[in-house]
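Student: Please see the structure below; I have some questions.
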Amino acid sequence: MEQFKEKESYKDVNPFTGIWLKTRETVRYVIEEKSMGFVILLMILSGISSALVGAFDSEMNQMMPVWGILLGSIIAGPIFILLIYAIMAGVYFITGKLFKGTGTYTELFKATGAAAIPQIWLLPVYLIWILAAPSTYFAEPLGTSGGGGELVITLVGSVLITVVTIWSIFINAKAIGEAHRISSWKGFFTIMIPSIVIGIIIVAIVVLIAILFIGLSA
């Protein structure tokens, strides 16, 4: 009976809206009720969005047309992000054990996909920005060379991206916490610990390469 009530409570859960304020409930819903295909679709859409972010404030549109950038994002983005999310889920699965997390790899994978929903919301923002004011998206983020319309698009887009990016940090912490059945704070550190470790490794490699280069040049 208890299980029936729990599933009954899911009837009003919409992953695309609930993730913002009812993160843990939404993530649990995705974990227990949604198929792996649904989660992979979320990741594919967020991958396209992430690929467009990679083109932001660059001169890529001088090397290829806008349609080429969009096509490349649709093809390359999902492949890259699926690989990244698969690795991230494994890392969070292992790191969460430090906080006595009980989530399985599948649960962490689904939680990671659910936490990517905010990036999907940004996808139409990127598309509108690219199509309506490509010069400000690719080369001049302050919109100094465009008219008033381009300036408005740039400012609105920049604010939305900033807000969603910051809020996504809290969403990810809650999502990982829910998957592991630990607190959101522990979920936050489950994310931060591997990020810090990877950052230290990258810095160490860069410093080592610099030392070797200086030594060879001397």
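Student: Can you put R181, R24 in order of accessible area, largest first, using a 1.4 Å probe?
Tutor: On the way: R181 130, R24 70 Å².
Of R181, R24, the descending order of accessible area is R181, R24.
Student: Also: Nearest 500 deg cm²/dmol is fine: what mean residue ellipticity at 222 nm does the chain get from its DSSP H runs of n ≥ 4 alone, each adding -39,500 (n - 2.57), divided by its residue count? Each step should come with its number before you reach the end.
Tutor: Values: 10 runs with 173 residues, N = 218.
Helix contribution divided over all residues of the chain: -26500 deg cm²/dmol.
Student: Might you tell me the accessible area per residue for the chain, computed with a 1.4 Å probe and given in Å²?
Tutor: 56
Student: If R0 is 25 Å, what FRET efficiency do you get for I193 and T106 from their C-beta distance, rounded to 0.05?
Tutor: Computed FRET efficiency for I193 and T106: 0.70.
Student: Still on this structure: How far, in nm, would the chain grow between I40 and V13 when pulled straight, counting 0.36 nm per residue and subtracting the alpha carbon separation?
Tutor: 7.8 nm
Student: Same structure, new question: Roughly speaking, to the nearest percent, how much of region 91-215's 1.4 Å accessible area is carbon and sulfur?
Tutor: In region 91-215, the share of accessible area belonging to carbon and sulfur is 82 percent.
Student: Could you let me know the centre-to-centre spacing of region 64-97 and region 99-126, using Cα atoms, in angstrom?
Tutor: Using only Cα atoms, the two centres lie 12 Å from each other.
Student: Follow-up question, since we're still on this one. So, taking all protein chains as they sit and a 1.4 Å probe, how much accessible area belongs to Y105, in Å² rounded to tens?
Tutor: Counting only protein heavy atoms, the figure is 90 Å².
The values are calculated or read from the model by the stated rules, or taken from the named source; none is laboratory data. What you see is a predicted model, and the numbers here were worked out from it, not measured in a lab. All Cβ positions, even for glycine, are placed from backbone atoms using ideal geometry, and neighbour counts span all protein chains on display. Keep in mind that these areas ignore ligands, DNA and RNA; they rest on the heavy atoms of the full protein, side chains included. Shrake-Rupley method; radii C 1.70, N 1.55, O 1.52, S 1.80 Å.
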